[in-house]
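The values are calculated or read from the model by the stated rules, or taken from the named source; none is laboratory data. For clarity, every value in this text was computed on a predicted model and none was experimentally measured. Quick reminder, even Gly has a Cβ in these numbers, built from the backbone with ideal geometry, and neighbours come from all protein chains shown.
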Amino acid sequence: MDLITEALADTRVVVVNGARQVGKSTLAEVVLRARADGVARFLDDPATRAAATEDPVRFIRHDGLMLIDEVQRVPDLWLAIKNLVDRDPRPGRFLLTGSARLLALHGLPDALPGRSETVELWPLSQGEIDDAPDGFVDAAFTLGADLRSGSSVLKRKDYLARMTRGGYPEAWRRENPRRRQRFFEGYVSDLLSRDVRQVADIEKSGEMRRLLSLLAAQTGGLLNISRIAGELGLSAPTARSYINILETVYLVRLVPAWSTNLTTRAVATPKAIFVDTGLANYLATSPSTDGPVGGLLENFVLSELARQLTWSQTSARLYHYRDRDQYEVDGVLEDNVGRVIGIEVKAAETVRAEDFRGLKLLQRRLGARFHAGFVFYCGAESLSFGAGLVCLPISALWGTGT
């Protein structure tokens with residue numbers, strides 16, 4: 001809420017973007033209720049949507065703050081809003097919500113460069129669930145390898161339980177695993193029949209459903225477009241466009257490969273991670289917490305980092321690293337001045353020296369730019385493994401702060 005309030009104080013249009021069922025509308029209404037001049041318009045209502053389509057200029061006429069929920073449903077509103085805020089540049093005019101990456105939608109006639117700020121809303125983070133600091137990113141860039149966390153009471157089974165429960169508020173509230181499965185089933189069906197059709201003309205939703213299962217089964221692996229296309233019987237460009245659609249509707253996120261001229265053997269293939277690991281676990285071909293979970297646990301950690309980057313004071317970006325010599329680092333954080341933090345994820349409750357193999361490679365090649373390397377694992381203690389290298393319990397992601 002604070003990020004939205006701060007943005008409205010100096011920005012004409014604030015956009016709250018994110019997946020369905022993460023609380024965008026609820027949060028926007030809370031912000032609106034704090035304003036005496038606020039009015040709300042909900043485009044899920046057919047009559048409201050018809051009025052916006054018929055006369056978008058009249059629809060947005062209001063002196064105070066106007067909340068427009070699911071704004072992507074009426075693309076013509078964008079030009080009307082642009083024209084209005086160009087003529088009257090007061091901050092805090094519009095609060096818009098959408099269940100897709102709005103500026104990626106081809107149906108929108110114009111973006112709002114220089115006039116808008118976007119706040120991305122993800123499913124609940126573990127810190128939000130536990131009322132914990134959620135401050136690893138800032139702490140890591142501030143403290144480097146001096147960062148430590150308290151001894152964790154969580155075990156491997158506890159992390160797997162959190163991973164499979166996910167962060168959608170409705171799924172998280174359901175204690176019964178079978179009832180959570182029902183939520184995920186309905187969520188996917190609704191998303192494919194509504195949101196995906198909003199952003200692309202796709203007739204065969206079954207192909208998209210199979211694509212989701214393929215991506216869930218290979219979490220933690222590189223995105224092999226050719227293999228996916230072959231398994232689906234699609235062309236590679238079509239498979240790539242389908243993945244872009246899933247990213248647009250906030251089901252998956254592509255993590256780009258990281259490299260510099262110091263790491264010329266790096267491969268350039270991205271990874272695809274799921275925005276929510278509960279959904280990924282539901283979609284996986286073997287969604288048992290007793291089976292191989294390394295990829296899903298890596299997804300769990302990377303998605304927690306991606307959440308934190310939306311509110312951290314440190315401006316940084318998330319990548320992964322892999323090279324042709326089979327060195328890899330699950331996550332790479334790089335800030336605006338070029339400092340690099342490496343992240344490895346292990347599903348075991350113990351850590352070995354060889355678990356730092358990829359991190360040590362980056363440390364040797366980057367020198368002073370390498371700020372710290374962390375191995376997150378399912379054990380309890382924070383331990384040093386040499387200069388600049390530390391193992392941390394996974395709970396340090398949300399249990400530490402500056």
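For this structure, a couple of remarks:
- Test set (1) touching a Lys or Arg at 6+ places or on another chain (Cβ under 9 Å); (2) surrounded by 15 or more Cβ atoms within 10 Å (Cβ to Cβ) - D44 fails condition number: (2)
- Long-range neighbours under 6 Å by Cβ, at least six apart or interchain, first residue assigned by TED's automatic domain parsing to the domain that holds F300 and farther than 17 Å from R20 by Cα within segment 252-279, second at pLDDT below 85 and outside any loop (DSSP other than H, G, I, E, B): S259/A266
- Failed criterion for G373 (all others in (1) assigned to a loop (DSSP other than H, G, I, E, B); (2) touching a residue at least 60 places away in the same chain (Cβ under 8 Å); (3) over 28 Å from E247 (Cα atoms); (4) not hydrophobic (A, V, I, L, M, F, W, C) hold): (1)
- Residue in segment 134-145 that is assigned to a loop (DSSP other than H, G, I, E, B) and within 23 Å of F274 (Cα to Cα) present: yes
- Of the residues contained in segment 312-322, one or more are found to be closer than 23 Å to L254 by Cβ and among the aliphatic types (A, V, I, L, M).
Residues are listed down the side, and each one gets a yes or a no for (1) modelled with pLDDT under 95; (2) surrounded by fewer than 19 Cβ atoms within 10 Å (Cβ to Cβ):
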site: L192; (1), (2): yes, no
site: G230; (1), (2): no, yes
site: S241; (1), (2): yes, yes
site: V249; (1), (2): yes, no
site: V267; (1), (2): yes, yes
site: I273; (1), (2): no, no
site: S288; (1), (2): yes, yes
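- Any hit, segment 14-23, residues being in contact (Cβ under 8 Å) with a residue 60 or more places away in the chain and over 18 Å from the mean Cα position of the chain (by Cα): yes
- Note on segment 128-173: among residues that are among the charged types (D, E, K, R) and either under 20 Å from the mean Cα position of the chain (by Cα) or not assigned by TED's automatic domain parsing to the domain that holds Y187 (or both), the one that is surrounded by the most Cβ atoms within 10 Å (Cβ to Cβ) is D134.
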